[in-house]
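Worksheet: the structure to be examined is printed underneath.
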Amino acid sequence: MPKAPSQTTGSGPIVQIADVSFSYGDALVLEHVDLCVERGEFVGLVGPNAGGKSTLLKLILGLLEPQAGRIRVLGEVPSQVSDRIGYVPQFPSFPRDFPISVEQVVTMGRLGIGSSLGWYRAADRAAARRALDEVEASDLSKRRIGTLSGGQLQRVLLARALAGEPEILILDEPTANIDQRGETDVFDLLATLNARLTILVVSHDIAFISDYVSRVACLNRTLTCHGTSAVDGDAIHQLYGDRVRLVDHSH
């Protein structure tokens, strides 16, 4: 199991969240949240269902605006730098039986970067090929998306995000629908990508991701950050309560 990568230096924080609160009607979802993700970090965002993780992601992606506080991504309002953020959703945004090839899916990651729907430049296709090479999925390029396994599909969605040549990569539960071996493969790949990209990954499996990330951000309406060495039974219990189940990946 690889060690968590060390932080690298750069020109400043990639994500700055200061005193952010957000409610849906009377339901307070986020309360005075602060988080700073430095350039080159690999940060894990964990927490229980309905703890605010999806809302925080939407705020970082610019899909929502904070009702209190301030968010900056790459020094700008998130909606102004969406083309510099690579996002990998938990589920694909298209039906698995849609008649489209892997190569076409990955090239879609170039939309908004000089290309328009249905018309791609040679540079867009080249970027898609590079992304497939980087996730070791070039051999899948001509396959229909519906024929892929869960692990293969996750690599393709990752390649689609990388095709846009982002500066930060955000992943929402990237291993929720794949087996343990696939989970390890995906996180080994993310550890390699972290050499050149800042990464924020949402996960429920706090024990597993602690072997990869540099910090763990624990969110349950409010947010607390821990170094991976400080993630112990007490910290997990405070976050998840009595219903948490630890998963042993050592076998």
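Work out the length of the dipole vector of segment 105-159 about its Cα centre, built from +1 on the beta-carbon of each Lys and Arg and -1 on the beta-carbon of each Asp and Glu, and round it to the nearest 20 debye.
Its charge dipole is roughly 200 debye.
For segment 170-218, what D do you get in µm² per second when you plug the Kirkwood radius from alpha-carbon pairs into Stokes-Einstein at 4 °C and 1.567 mPa s?
For these conditions, the coefficient is 117 µm²/s.
Given points 7 Å out from each Cα along the Cα-Cβ axis, report the ASP211 to SER149 separation in nanometres with one decimal.
In this crude label model, ASP211 to SER149 measures out at 1.8 nm.
Assign unit charges at the C-beta atoms only (+1 for Lys and Arg, -1 for Asp and Glu), then state the dipole size of segment 55-210 relative to its Cα centre in Debye, rounded to the nearest 20.
The calculated dipole for segment 55-210 is roughly 480 debye.
Assuming 0.36 nm per residue, please report the length gained on full extension of the stretch CYS36 to ALA18 beyond their Cα-Cα distance.
Extra length from CYS36 to ALA18 when fully extended: 5.7 nm.
Using +1 at the Cβ of each Lys and Arg and -1 at the Cβ of each Asp and Glu in segment 95-164, identify which of LEU148, LEU162, ALA123 lies farthest towards the dipole's positive end.
ALA123
Over the Cα atoms of segment 90-218, compute the convex hull volume and normalise it per residue, giving Å³.
Working: hull volume 14.3 nm³, N = 129.
Value for segment 90-218: 111 Å³ per residue.
Once both labels are modelled 7 Å past Cα along the beta-carbon direction, what's the ASP139-LYS58 spacing in nm?
Between ASP139 and LYS58, the simple spin-label model gives 4.0 nm.
Provide, in order from the shortest bin, the percent of all Cα-Cα pairs of segment 95-164 in each 10 Å bin, continuing until the bin that contains the maximum pair distance.
The calculated distribution, bin by bin, is 24, 57, 19, 0.
Each value in this text was obtained by applying a stated rule to the coordinates, not by laboratory testing. The structure presented is a predicted model; accordingly, all values stated were derived computationally and were not measured. Positions of Cβ are backbone-derived with ideal geometry, glycine not excepted, and every protein chain shown enters the neighbour counts.
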